[in-house]
1. Condition test on A36, is it surrounded by 21 or more Cβ atoms within 10 Å (Cβ to Cβ), closer than 29 Å to W323 by Cα, at pLDDT 85 or above and among the small types (G, A, S)?
2. Exactly one of these conditions fails for I158: (1) under 18 Å from T192 (Cα atoms); (2) open to solvent by less than 60 Å² (accessible area, probe 1.4 Å). Give me its number.
3. Do the conditions hold for I44, that is, is it open to solvent by 20 Å² or more (accessible area, probe 1.4 Å), under 15 Å from the mean Cα position of the chain (by Cα), within 27 Å of G114 (Cβ to Cβ) and modelled with pLDDT of 80 or more?
4. Hey, among M400, M352, which residue is open to solvent by less than 40 Å² (accessible area, probe 1.4 Å), out of contact with any strand residue (DSSP E or B) (no Cβ under 9 Å at 6 or more places or on another chain) and within 21 Å of L304 (Cβ to Cβ)?
5. Give me the pairs: first residue in region 451-477 and on the phi < 0 side of the Ramachandran plot and loosely packed, with under 14 Cβ neighbours inside 10 Å, second residue aliphatic (A, V, I, L, M) and in a helix (DSSP H, G or I), beta-carbon distance under 6 Å, and six or more apart or on different chains, which are they?
6. Pairs please, first residue from region 418-435 and over 15 Å from I468 (Cα atoms) and open to solvent by less than 20 Å² (accessible area, probe 1.4 Å), second anywhere and at pLDDT below 95 and not in a helix (DSSP H, G or I), Cβ atoms under 9 Å, 6+ apart in sequence or on different chains.
7. Out of L196, L179, L239, report the one residue that is out of contact with any Gly (no Cβ under 9 Å at 6 or more places or on another chain), at pLDDT 85 or above, buried (at least 16 other Cβ atoms within 10 Å of the Cβ) and part of a helix (DSSP H, G or I).
Amino acid sequence: MIKNILANYVGRIWGIISVFLFVPFYVKLLGIESYAVISFYMVILTIMYFADGGLSATLNREISRSSDKLYIGRMLFTIERLYLIICASIILLIFYFSEIIAKNWLNSQSISLGDLSLYISLMGISVAFHLFTTLQSSGLMGLEKQVLSNSIQVASSIFRSALVLIPLYFYPTLLTFFLWQVFSNIVFFFITRYSLWKFIRTNATYEFDIKILKTVGRFAGGMMIMAVISSLNTQIDKLIISKMLSLKEFGYYALAGTISQVPELLITPIAMAILPRMVKYTVETEKYKLANLFHVNSFILSALSSTGAMVLFLFTKDFIIIWTNSIVIANTIENATKVLLIGGVFLSFQYMPYYLAIANGHTRTNVRLGIMALICTVPALVFFVVQYGLIGATYTWLIMNVVVFICLGYIIISIFLLDEFRKWLIYDTLIPLGISVIVGLVGYFSTINLPKGNFVILYSIVIGSFNICINVVIFNILFNKTKKIKLRTLLNNLNF
């Protein structure tokens, strides 16, 4: 598993680097309003993941559980045909509603209605192929081919995020950007599909099999509903801001949101690599291994996400200035970024309970909590945005993630790990968080009178490393003392 985690981290680290490296160039070349349109594209991409219908998660789970190539090939062939219909529908629907969205949703002061409509239409094509590629990547992940999957994703990211700067330098328009995205997503769709079928294909002739859809339909249906609710919950703040505020203000909020993703980005590679192993441990005879894997990695994820958020929280303004080379942007989004960072930590705490539910094929709790969160979040967002503007949306995001963190953890762990909730809450989440807060306070007062600017990078490395070291020590003390999980368990789980 260790090489898969490392591969996931290479992919994720590149994702972080690409965001922080290239976003400032987009803002510089195209302007904050045009960057806001690009951010809206990312919102549409995230929301449209619901069209996946839970099929990617289903494919990943079924491939993890089965070694029958004939069954896997037949299932993939069937799901691909269904996916083709889904993606074609996305292209047609976004094209049909592109002018309505441009006219009634995005409040631009410098981009014409016709141009906005064209960009939104191109978004539809790009989103469709990106989603189809996600299906193939999920298949590779299910085969535990994370190295190959992440290699393709890194190459795709370089092509889409880095190389696009070449044509943008000569033709700095949104049309150039979106045409490049369409071309890139089409190319890498075929590359990823070929790579997946290479490991699955047999001499058998595959046909569309409705029985397979019936077999996995319940899980896929639950995942579809959960994906709809999850995507709306994570993007509803951006949707409301893009509607209620100007496109420029939405661009600022998107920049703050980009930085706040760091806690989540740091832990996603581990969570992705763990899921196939968690699926295998759900059988009754392996329950104790599932509990060990859950607690060990919950602590690790909590420590990593808390550390990342802590160092960014300490030096938010300095990092934004280094990143964007703009004091105006830093002053505008500093406070919003801080609140979103805290919310991002509590979102990262939800990952292990979420994956515990998925590994056991359980979606009902996630769906119900998601619906309740959405019902409460929408009016709260409208109220806070009206009252406080851009910063108001961040309050809602933080409150929602704290509440869902507690509720989701309690319900899921009570179902699948019985009396382990208190241990997870205290040992696996609050202790790493508390350590980060204490180290953060020490770090703040230690550097308060020191030079800032680029020096904050050095301070962050030192403070972050110190925090991780303390967490390692506390990990050994706590879990050795309770006789439940030892550090050696972690090494065994990672196949050292």
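The values are calculated or read from the model by the stated rules, or taken from the named source; none is laboratory data. Here the structure is a predicted model, which is why all the values come from computation and not from measurement. Cβ atoms come from the backbone with ideal geometry, glycine included; neighbour counts cover every protein chain shown. With ligands, DNA and RNA removed, areas are computed over all heavy atoms of the protein, side chains included. Shrake-Rupley method; radii C 1.70, N 1.55, O 1.52, S 1.80 Å.
1. yes
2. (2) is the only condition that I158 fails.
3. The answer is yes for I44.
4. One residue alone meets the criteria, M352.
5. N476/L487
6. W424/L417
7. One residue alone meets the criteria, L179.
So that you can scan it fast, the table gives a plain yes or no per residue for (1) in a helix (DSSP H, G or I); (2) acidic (D, E); (3) without any contact (Cβ under 8 Å) to a residue 12 or more places away in the chain; (4) under 30 Å from E144 (Cα atoms):
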{"position": "Y288", "(1), (2), (3), (4)": "yes, no, yes, yes"}
{"position": "N292", "(1), (2), (3), (4)": "yes, no, no, yes"}
{"position": "A303", "(1), (2), (3), (4)": "yes, no, no, yes"}
{"position": "L312", "(1), (2), (3), (4)": "yes, no, no, no"}
{"position": "F319", "(1), (2), (3), (4)": "yes, no, no, no"}
